[in-house]
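*Asks:* Got a structure here, written out as structure tokens. Questions coming.
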């Protein structure tokens, strides 16, 4: 397996994918070599001995190449020097969450080197906002509601702070630089999110510019929508992935002091048929709808003209039974 020098994704050797075939071959070889050496033919014994000697030499040689790739003459590491430098800085920061921009390999390696913290990747979806992504971890870690404290943010020096989503760049302060990376810290919750609706768990959060939402107006640095003064439908989601019955709550603020500013609706995604609706109160307010489990429903908000509505975020919470237990 070392001789194949197989790689997958990051600089670590990913030989695990070859184990299904390699283990039976190793077991068969353990049976075959003694059987060949016991045969009376000198040629069989010579072939078995030569093959075994060649295998040992090959393993030693390939191991030497592997060690040379990892350990440098100055004593530093080769394939994961950059990740070790990141972890050395992160360990001195008062954070539990580390968000790595666009580089899932770096996030995975750092998570292996520093298991006390949660390392996540921020990846762009084509034509959409960037979102959290994890491999070999809990899918629920992609849910933004669990990121409530300041976090570290890692990006390459080549791309710099300009590569960050606008809401991250607005609150990030540089902490340190390594040979290849820029390490920053957010002033508060990083406002990132990778899931739309509530596909896992019992709580979730979306923002007006979360992936596959459409909106009319301007987003601010807190990911709130300043609705188009012309009014009308200013916010709509795509079909939401909901794994259980939930209550969805939309928060808003407006310059209007009393009454309502519009209507919060639950729709059939394809037809637009209204399933349920409730008024959106004026002032600093919230409106709540119940969404049954499924994938074919969407939410929308229609507001009055010139009401000064500032909208978001959107919270999802699994419904509880009479005993107060999560369904």
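The values are calculated or read from the model by the stated rules, or taken from the named source; none is laboratory data. Treat the numbers as computed from the prediction; the structure is a model and nothing was measured. Cβ: placed from backbone, ideal geometry, glycine included. Neighbour counts: every protein chain shown.
*Asks:* Which of the residues belonging to segment 103-132 are surrounded by fewer than 17 Cβ atoms within 10 Å (Cβ to Cβ), under 12 Å from the mean Cα position of the chain (by Cα) and either in a strand (DSSP E or B) or modelled with pLDDT of 90 or more (or both)?
*Replies:* 123, 124
*Asks:* Filter segment 168-195 for residues that are out of contact with any helix residue (DSSP H, G or I) (no Cβ under 8 Å at 6 or more places or on another chain) and either over 24 Å from residue 221 (Cα atoms) or surrounded by 21 or more Cβ atoms within 10 Å (Cβ to Cβ) (or both) and give the result.
*Replies:* Result: 168, 177.
*Asks:* Return the pair list, or none, for Cβ contacts closer than 8 Å from residues in segment 38-57 that are more than 19 Å from residue 26 (Cβ to Cβ) to residues that are part of a helix (DSSP H, G or I), at least 6 apart or on different chains.
*Replies:* These pairs meet every condition: 39/45; 44/36; 44/37; 45/36; 45/37.
*Asks:* Turning to a different aspect of this structure: I'm told residue 156 meets every condition in (1) in contact with a strand residue (DSSP E or B) (Cβ under 8 Å, 6 or more places away or on another chain); (2) in contact (Cβ under 8 Å) with a residue 60 or more places away in the chain except one. Can you identify the failing condition by its number?
*Replies:* (2)
*Asks:* For segment 200-246, which fully contained strands (runs of 3 or more DSSP E) count at least 3 residues that are in contact (Cβ under 8 Å) with a residue 24 or more places away in the chain and buried (at least 19 other Cβ atoms within 10 Å of the Cβ)?
*Replies:* Correct list: 203-206, 232-236.
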